[in-house]
Amino acid sequence: MIANRKALGRGLESLLPGRSSAPAAGNVQEIGLDLIDSNPYQTRRNVKEEGLNELAESIRASGVVQPVIIRPSANGRYHLVAGERRWLASKRAGKTTVPAIVRQISDEQAMEITIIENLQREDLNPMEQARAFERLSREFGLTQEQIAARTGKDRASIANFIRLLRLPEGIQEAIETGVLSFGHGKVLAGLANFPEQMEKAAREAVQKELSVRQTEDLVGRLLTPGSKTKPEKSAPEQDPNVREAQRTLERALGVKAEIHDRGSKGKIVLHYGSLDDFDRILEALGGK
C-alpha cells in the first residue's frame, strides 16, 4: 500500500509542469468561481452529500486551505483539473472566489491528474475506475502497461478493471452501488461466454450474500457441471487436484478449460468463443 501511494504521488508530481512540493504563495490566485467550468475528464459520478456539506462548513469558517488546480480555457475562462470537492463546497459555502493554481496542462495530463487524485483519495468505485482506465486507453492510446506505470497499479489489475465493462449493465450497477464487490465482478467475468449463467450466478451471489470465494466455487460449478445427465456412461471420477487446476485455469482465462490427465501425461483444451477470448489467452500465456 505504501509503495502504491509513493508511485501515485510521483505520477501526480510529474504531471504538473513546474509544480514543487509546496507551491509558492505567488503562484496562488483568487479566481472567480463563476469563471471556472467543471472538469470534462472527471470520472467520479457521485459526491457524498454529507462530506460535501461538512467541507462547506469548514470553508465558511476557515476558508479553502489547499488551492484547486485549473487550466486556461476559451474566452478568459478556466477548466477545473483537481479539487472538485473544494470547488463545489466553496459554491455551497457562498464564496465568490477560490484560491487556485493556474497550469498549462494538456488534455491527457488533465485526465491523468483527475484519475490519480481520485485514486489517492480512494474516491472512485470499481466501475468508475474501469471507465477511467478504458478512457485513457481509448482517447489517448495508452497501453495497459503505460496506464499501470502512471497510476501505480499493476497491469493485471488494470486488465481486470477494464474487463468489468463487459459485464451486463445490471451487474455493473450492482458493483457501482456496492451490492457486489470488485472481486465478485472479476469472478463473474469468467462467465463472459455464458451470459445466462452469469446472470444466474450474480442473482445467487446477491440473494445469498455470497463471499467472493463462495462465488468462485459457484462459477466453477457452472463452468464444469457434473455428469448427472449421462448416468449410463459415468466418466471416471476426476482427481480433485486436477479438477481444482481446471477451475483455476477457467477463472484466470475466463474460458472453459478441460484437463485430460492420464498419470504423467495428458492434454489441456481451452475453448474460446471470440477473438477477444483468443487474444486474452495468448496474452496470458506470454504471446504477443
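The values are calculated or read from the model by the stated rules, or taken from the named source; none is laboratory data. Everything quoted here is computed from the prediction, not taken from an experiment. As a convention, Cβ positions derive from the backbone with ideal geometry for all residues, glycine included, and neighbour counts pool all protein chains shown.
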Within the stretch 179-208, considering residues that are modelled with pLDDT of 90 or more and not in a helix (DSSP H, G or I), the one surrounded by the fewest Cβ atoms within 10 Å (Cβ to Cβ): LYS208
Single residue of the stretch 254-288 satisfying the filter (in contact with a Lys or Arg (Cβ under 7 Å, 6 or more places away or on another chain) and modelled with pLDDT of 75 or more) that is farthest from LYS186 (Cα to Cα): HIS260
Residue match in the stretch 148-157 (condition: within 10 Å of the chain's Cα centre (by Cα), part of a helix (DSSP H, G or I) and within 26 Å of GLN109 (Cβ to Cβ)): yes
Odd one out for GLU176, checked against (1) touching a helix residue (DSSP H, G or I) at 6+ places or on another chain (Cβ under 6 Å); (2) surrounded by fewer than 16 Cβ atoms within 10 Å (Cβ to Cβ): (2)
Single residue of ARG163, ARG138 found to be assigned to a helix (DSSP H, G or I), among the basic types (Lys, Arg) and either surrounded by fewer than 18 Cβ atoms within 10 Å (Cβ to Cβ) or touching a strand residue (DSSP E or B) at 6+ places or on another chain (Cβ under 8 Å) (or both): ARG138
Test set (1) surrounded by fewer than 16 Cβ atoms within 10 Å (Cβ to Cβ); (2) of a type outside the set (Phe, Trp, Tyr); (3) part of a helix (DSSP H, G or I) - GLU112 fails condition number: (1)
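Let's see how each residue does on (1) in a strand (DSSP E or B); (2) at pLDDT 85 or above:
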site	(1), (2)
ASN39	no, no
GLY51	no, no
ALA100	yes, yes
ARG131	no, yes
Qualifying residue in the stretch 119-126 (condition: without any contact (Cβ under 8 Å) to a residue 12 or more places away in the chain, surrounded by fewer than 20 Cβ atoms within 10 Å (Cβ to Cβ), out of contact with any strand residue (DSSP E or B) (no Cβ under 9 Å at 6 or more places or on another chain) and closer than 25 Å to SER157 by Cβ): yes
Test for GLY18: is it modelled with pLDDT of 85 or more, of a type in the set (Gly, Ala, Ser) and over 23 Å from the mean Cα position of the chain (by Cα): no
Failed condition for GLN144, given (1) in contact (Cβ under 8 Å) with a residue 24 or more places away in the chain; (2) within 14 Å of the chain's Cα centre (by Cα): (1)
Scan of the stretch 116-129 for residues that are of a type outside the set (S, T, N, Q) and either in a loop (DSSP other than H, G, I, E, B) or at pLDDT 75 or above (or both), ordered by number: GLU122, ASP123, LEU124, PRO126, MET127, GLU128
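The rows are residues; the columns are (1) outside any strand (DSSP E or B); (2) surrounded by 15 or more Cβ atoms within 10 Å (Cβ to Cβ); (3) at pLDDT below 90.
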residue	(1), (2), (3)
ILE31	no, yes, no
ARG44	yes, yes, yes
ALA74	yes, no, yes
SER90	yes, yes, no
LYS95	yes, yes, no
GLN104	yes, no, yes
